[in-house]
Amino acid sequence: MHKRNGWADWHKLVGLWSTWFIAVMAVTGLWYLIEHGLQTAKVDHYVAEPTKVIALKQSASTSNMMPISLTAAYEAAQQAFPSLDIRYIGYGQKAAQPIEVRGYNNDILLRLRANRVYINASTGAVLGIQKGQDLPFVPRIKDTADPLHFGNFAGLGTKFIWAIFGSLMSGVSGVGIYMSWLRVKRKATVSSWLGVSGYIAIGLVIGSVVITSVSVSERSVPKQLYAPVLG
């Protein structure tokens, strides 16, 4: 009895102090479910690309020119968007796709893609700029969910806090299962204790892990890019 009470006290204490973290995970998790539904139904819920970017993609142009260098792309983006703290430069697979330069702009809780500069990969001309501060409500939520869910909005400090509380939540779940087993172990076998719902839960967990592993392994790097050769 004392052993179970000790675990119960720890279980309640950690659960109480982690309420805020549980709420953040629940809200962002709910948004991911809604977002997945919108994507599956092919409902537009993000800002449209600049007109010049759309025109470039529809042109299906091919270019005999060499794509501009990383330095040129960086400088063009910095000149067009001086306050952008550039963290990402992505080339397309062909000349009809723009270079995307992404970064931070002193915004609160926004991921990289909220701020972008689109550049013509052949000419270096700036095709458009997207600023996080100008995002409408739904796109703002979309670009805020990841920093909140993963805790990567303020460097190693928040990452460490999220890692600690995430580990504590896993521990609380395990302790809850252990306490339940302590309460019934003299009266029930493992099979009867789990019951139908327990086996269903285990099946769902295993199925989720398998599906996630398969979907991640299917991601591949494009065979070619319209990009300068490095090295």
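For every other residue with a beta carbon closer than 13 angstrom to the beta carbon of Y118, add +1 if it is Lys or Arg and -1 if Asp or Glu, then tell me the sum.
Summing Lys and Arg as +1 and Asp and Glu as -1 gives +4.
Give the value in nm², to one decimal: projected area of the alpha carbon convex hull of the range 64-220, averaged over all directions.
Averaging across all directions leaves 13.7 nm² for the Cα convex hull.
Carbon and sulfur together cover what percent of the accessible area of the chain at a 1.4 Å probe radius?
Result for the chain: 64 percent of the exposed heavy-atom area is carbon or sulfur.
Set Lys and Arg Cβ to +1 and Asp and Glu Cβ to -1, take the dipole of the chain about its Cα centre, and tell me which of H45, P82, G132 lies farthest positive.
Working it through, the farthest residue towards the positive pole turns out to be H45.
Hey, what's the range 53-107 come to in accessible area per residue, 1.4 Å probe, Å²?
58
Provide the FRET efficiency to the nearest 0.05 for the I200-K12 pair, computing r from the beta carbons and using R0 = 30 Å.
0.65
Using only C-alpha positions, report the orientation-averaged shadow area of the convex hull of the range 28-137, nm², one decimal.
The orientation-averaged projected area of the Cα hull of the range 28-137 comes to 7.8 nm².
Two decimals, Cα atoms only, Kirkwood Rh: what is Rg/Rh over the range 76-138? Walk me through the numbers on the way to the answer.
On the way: Rg = 11.7 Å, Rh = 11.9 Å.
Computed over Cα atoms, the ratio is 0.98.
For the range 137-221, what is the convex hull (Cα atoms) projected area averaged across all directions, in square nanometres?
The number I arrive at for the range 137-221 is 9.2 nm².
Averaging sequence separations of C-alpha pairs under 8 Å and six or more residues apart, then dividing by the length of the chain, give the relative contact order as a whole percent.
It comes to 22 percent, rounded to a whole number.
The values are calculated or read from the model by the stated rules, or taken from the named source; none is laboratory data. Only a predicted model underlies this, so the values are computations on that prediction, with no experimental measurement involved. Every residue, glycine as well, gets a Cβ built from its backbone with ideal geometry; the counts of neighbours run over all protein chains shown. Each accessible area value is taken on the protein alone, full model and side chains, heavy atoms only, with ligands, DNA and RNA left out. Shrake-Rupley method; radii C 1.70, N 1.55, O 1.52, S 1.80 Å.
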